[in-house]
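Read-outs throughout are calculated quantities, based only on the coordinates presented, and are distinct from any laboratory measurement. Here the structure is a predicted model, which means the values were calculated and not measured.
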Amino acid sequence: MTTPKGPGLRLHARTMTVHRAEGELGMMLVELQQRHDLTDIEMIVIMTAQLQSLAKYPLRAERHPDDPSRKADEQ
């Protein structure tokens, strides 16, 4: 996909890909919630757990760049 060269907003090359993925994930989450008859709060708990899992190692690396195997809360 090319972006216009004239005046106005020019989008990053990955913007539309990210937007499409966001929409696809949203649909997948709705389908999952319906298939398992989950409440909104149950979905939030599940999604929060997944986000915590994704953030675990980057946080360790940020806090302990020389030893990311150490837990984030360790001194």
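A few notes on this one:
- Structural descriptor for the chain: relative contact order 12 percent, calculated from alpha carbon pairs under 8 angstrom and at least 6 residues apart.
- Choice from Met28, Met16, Met47 with maximal GNM fluctuation in the chain (Cα, 10 Å cutoff): Met16
- You can think of it this way: the chain between Tyr57 and Met43 has 2.7 nm of extra reach, that is 0.36 nm per residue less the Cα-Cα gap.
- Rounded to whole numbers, the Karplus 3J(HN,Hα) couplings from phi for the stretch 52-59 are 4, 5, 5, 8, 4, 6, x, 5 Hz, using 6.51 cos²θ - 1.76 cosθ + 1.60 with θ = phi - 60°, and x at Gly and Pro.
- For the chain: rounded, prolate or oblate by the Cα gyration tensor [a/c cutoff 1.5]: oblate
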